[in-house]
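See structure below.
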Amino acid sequence: MNNKDIKTFSYLSYIGPFFMIGLFSDMRRTNPTLRFHLNQGMLLFLCEAAALVIHYVVDMLLGSLPIISIIPSVLLIFITLCSLALSLCGIYNVASDKLNPLPVIGAVSILK
């Protein structure tokens, strides 16, 4: 596989569960750049999933209260904007051939 395929898999790693496409490819074992971006994309996906679980718990607890019920909606907007910002940051890193970790969550390493 060539550099274009590696870049395509790197882009996909920042778009939700599409990181799994590159995760199951053979290039992951041999290319450290792809492994880095897959790790970042997996971290982003796991953080998004955890944040949505927190949102649903807060919604169940506070959703029936009259004035406080706006909190879950604001939380969902915040989660969405943060996820979008981190995804765009990762896509920018792929486009500029940089291996910069994502802000806040990028220091964690799942893939070895």
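The values are calculated or read from the model by the stated rules, or taken from the named source; none is laboratory data. For clarity, every value in this text was computed on a predicted model and none was experimentally measured. Heads up, the Cβs are rebuilt from the backbone with ideal geometry, glycines too, and the neighbour counts pull from every protein chain shown.
Among all residue pairs at least 6 apart or on different chains, which show Cβ distances below 8 Å where the first residue, located in region 79-103, is under 19 Å from residue 49 (Cβ atoms) and the second is among the charged types (D, E, K, R) and part of a helix (DSSP H, G or I)?
The qualifying pairs are 79/48; 83/48.
Would you check if there is a residue in region 47-54 being farther than 23 Å from residue 93 by Cβ and surrounded by 12 or more Cβ atoms within 10 Å (Cβ to Cβ)?
Among the residues of region 47-54, at least one is farther than 23 Å from residue 93 by Cβ and surrounded by 12 or more Cβ atoms within 10 Å (Cβ to Cβ), which makes the answer yes.
Kindly indicate whether residue 38 is within 15 Å of residue 98 (Cβ to Cβ), of a type outside the set (Asp, Glu), touching a Lys or Arg at 6+ places or on another chain (Cβ under 7 Å) and surrounded by 20 or more Cβ atoms within 10 Å (Cβ to Cβ).
Here the answer is no, as residue 38 does not meet what is asked.
Which of (1) closer than 30 Å to residue 32 by Cα; (2) in contact with a Pro (Cβ under 7 Å, 6 or more places away or on another chain); (3) acidic (Asp, Glu) is the odd one out, the single condition residue 59 does not satisfy?
Going through the list (1) closer than 30 Å to residue 32 by Cα; (2) in contact with a Pro (Cβ under 7 Å, 6 or more places away or on another chain); (3) acidic (Asp, Glu), residue 59 breaks only (1).
I'd like the full set of residues that are in a helix (DSSP H, G or I) and either loosely packed, with under 11 Cβ neighbours inside 10 Å or polar (S, T, N, Q) (or both), limited to region 21-31.
29, 30
Looking only at region 1-29, how many residues end up being under 16 Å from the mean Cα position of the chain (by Cα), within 17 Å of residue 92 (Cα to Cα) and of a type in the set (A, V, I, L, M)?
The number of residues fulfilling the criteria is 2.
Out of (1) assigned to a loop (DSSP other than H, G, I, E, B); (2) touching a Phe, Trp or Tyr at 6+ places or on another chain (Cβ under 7 Å), the odd one out for residue 94 is which?
(1)
Can you tell me which condition residue 11 does not meet? The list is (1) buried (at least 18 other Cβ atoms within 10 Å of the Cβ); (2) aromatic (Phe, Trp, Tyr); (3) part of a helix (DSSP H, G or I), and all the others hold.
(1)
Could you list, in sequence order, the residues of region 72-81 that are aliphatic (A, V, I, L, M) and either at pLDDT 90 or above or surrounded by 12 or more Cβ atoms within 10 Å (Cβ to Cβ) (or both)?
75, 76, 77, 79, 81
For the structure I just gave you, tell me whether residue 69 is farther than 19 Å from residue 6 by Cβ and surrounded by 12 or more Cβ atoms within 10 Å (Cβ to Cβ).
Spelling it out, residue 69 is indeed farther than 19 Å from residue 6 by Cβ and surrounded by 12 or more Cβ atoms within 10 Å (Cβ to Cβ).
Does residue 73 qualify as being over 18 Å from residue 15 (Cα atoms), among the polar types (S, T, N, Q) and in a loop (DSSP other than H, G, I, E, B)?
For residue 73, the condition - over 18 Å from residue 15 (Cα atoms), among the polar types (S, T, N, Q) and in a loop (DSSP other than H, G, I, E, B) - is not met.
Here are some conditions: (1) in contact (Cβ under 8 Å) with a residue 12 or more places away in the chain; (2) closer than 21 Å to residue 14 by Cα. Residue 59 meets all but one. Which one does it not meet?
For residue 59, the exception is condition (2).
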